[in-house]
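None of the figures in this text is laboratory data; all of them are computed from the coordinates on show. All values derive from a computational prediction rather than experimental measurement. FYI the Cβ positions are ideal-geometry reconstructions off the backbone, even for glycines, and counts take in every protein chain you see.
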Amino acid sequence: MQHRRLYLLGIGEIKANYYRPLSGEARAITVKREGTKWWLSVQCVNVPTMPLVPTCCEVGIDLGVKNQVATSEGEIKKGEHFGFKAQSKLASARRKLGTKQRGSNRRRRQVEVVVRHHLKVKNQRRNAAHQLSRQLVNEYDFIALENLTIVNMVRAPKGKPDPEREGSYLPNGAAKKAGLNRSIHDAGWGQLVSLLSYKAESAGRTVVSVNPRFTSQTCAECHYVDAGNRVNQEDFRCLKCGHCDYADINAARNILRAGRALQASACAD
């Protein structure tokens with residue numbers, strides 16, 4: 001890596017390692033600390049594009065918790081679940097942290113251990129998202145995704161007061177919802193969509209976000225919509241035409257069809 005000097009207002013000159021050359025015009029710099037390391041993020045404008053050779057292929061993608069993505073081509077990529085795999089080690093590190101006296105050197109060192117566990121999960125999730133987004137951008141010219149409002153999906157359910165007991169609340173499934181929220185965060189949907197969008201823009205690909213409503217209940221063959229079509233989390237069986245498919249793949253085919261329709265209407269306008 002090339003060693004360069006960087007001047008920061010109020011700090012002065014510092015030594016920085018650039019892992020790739022800057023392109024375009026630098027407009028903003030963000031400095032952040034992760035554990036014992038410092039990182040610089042340089043935001044640039046007027047960055048030249050690097051278009052890829054057209055492949056004449058299109059794909060719809062269904063995002064999931066168990067399966068990270070399912071494509072309309074029938075491919076399924078299982079989720080890595082890095083956070084779930086590191087849960088036991090992280091819990092052990094937190095328990096050890098609780099036994100250390102505040103302000104002591106042992107507590108400071110144990111804090112660094114906990115931070116390293118979190119950073120490892122974060123880096124693993126980001127690396128997997130980079131690899132998957134690059135693969136999709138290289139293979140497809142047109143990519144249709146679900147327009148998911150992740151913030152609303154991971155919102156905790158509101159408590160409902162119990163009318164029979166003052167000061168008590170009715171069961172609202174908050175514990176079960178918390179487990180689902182952790183799985184959604186662990187899947188890293190937002191990061192994958194963000195990386196996919198900027199890589200597609202640089203490569204000259206098209207990414208379209210469609211309304212996910214009824215995509216899991218609609219038959220990809222006859223377009224019949226019914227909640228009973230979705231037998232369970234894995235199986236789809238149309239009540240009208242009898243079409244059977246893996247549920248996520250059937251949803252991905254519907255997403256691709258909706259993306260094509262949305263793109264056609266945009267071109268017509």
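Starting from the Cα of Gln124, step 7 Å along the direction of its Cβ; do the same at Ala264; then give the gap between the two resulting points in nm.
Going from the Gln124 label point to the Ala264 one covers 4.4 nm.
What shape does the chain take by its C-alpha gyration tensor, where a ≥ b ≥ c are the square roots of the eigenvalues and a/c under 1.5 counts as rounded, a/b above b/c as prolate, and the rest as oblate?
oblate
For a 31 Å ceiling on Cα separation, which of these pairs sit above it: Lys122/Lys176; Lys96/Lys199; Lys100/Lys160; Lys37/Lys85; Lys176/Lys240?
Too far apart for the 31 Å limit: Lys96/Lys199; Lys100/Lys160; Lys176/Lys240.
Place a +1 charge on the Cβ of each Lys and Arg in region 1-108 and a -1 charge on the Cβ of each Asp and Glu, then give the dipole magnitude about the Cα centre in debye, rounded to the nearest 20.
1460
Enumerate the calculated ³J(HN,Hα) couplings along region 126-131 in order (Karplus 6.51 cos²θ - 1.76 cosθ + 1.60, θ = phi - 60°), each rounded to whole Hz, writing x wherever the residue is Gly or Pro.
Listing the rounded values in order: 5, 5, 5, 5, 5, 5 Hz.
If the elastic network links every pair of Cα atoms under 10 Å, which of Ser104, Ser88, Ser194 fluctuates the most in the Gaussian network model of the chain?
Ser104
What Cys residues in the chain are without a partner cysteine, judged by a Cβ distance under 4.7 Å?
Unpaired cysteines in the chain: Cys44, Cys56, Cys57, Cys244, Cys267.
Please tell me the relative contact order of region 1-48 in percent, rounded to the nearest whole number, where contacts are Cα pairs under 8 Å and at least six residues apart.
Over region 1-48, the number comes to 29 percent.
By its C-alpha gyration tensor, with a ≥ b ≥ c as the square roots of the eigenvalues, how is region 114-155 shaped: rounded for a/c under 1.5, else prolate for a/b larger than b/c, else oblate?
It comes out oblate by the Cα gyration axes.
For region 114-269, what percent of Cα pairs sit more than 20 Å apart?
Counting pairs separated by more than 20 Å, the tail of P(r) holds 65 percent.
Taking trypsin sites (Lys or Arg not before Pro) that fall in a DSSP loop and have at most 12 other Cβ atoms within 10 Å as cut points, what is the longest piece of the chain between them?
The answer is 1-101.
Considering Cα pairs under 8 angstrom that are at least six residues apart, work out the relative contact order of the chain and quote it in whole percent.
Value for the chain: 21 percent.
Go ahead and run the numbers for FRET between Ala91 and Tyr246, Cβ-Cβ distance against an R0 of 45 Å, rounding to 0.05.
Step by step, r from the Cβ atoms, then E = 0.85.
Could you give me the ³J(HN,Hα) list for region 77-93, computed from phi with Karplus coefficients 6.51, -1.76, 1.60 and θ = phi - 60°, whole Hz, x at Gly and Pro?
The phi angles translate into 10, 5, x, 7, 6, 4, x, 5, 5, 8, 5, 5, 5, 5, 5, 5, 5 Hz.
When the helix-only estimate is applied to the chain (DSSP H runs of n ≥ 4, each -39,500 (n - 2.57), divided by the residue count), what is the mean residue ellipticity at 222 nm, nearest 500 deg cm²/dmol?
When only DSSP H runs of four or more count, the value is -13000 deg cm²/dmol.
Can you work out the Karplus-derived ³J(HN,Hα) for every residue in region 182-188? Use 6.51 cos²θ - 1.76 cosθ + 1.60 with θ = phi - 60°, whole Hz, and x for glycine or proline.
4, 5, 5, 5, 5, 5, x
Give the shape of region 90-192 as rounded, prolate or oblate, defined through the alpha-carbon gyration tensor: a ≥ b ≥ c are the square roots of its eigenvalues, a/c under 1.5 means rounded, and otherwise the shape is prolate if a/b is larger than b/c and oblate if not.
Oblate, because a/c is 1.5 or more while a/b does not exceed b/c.
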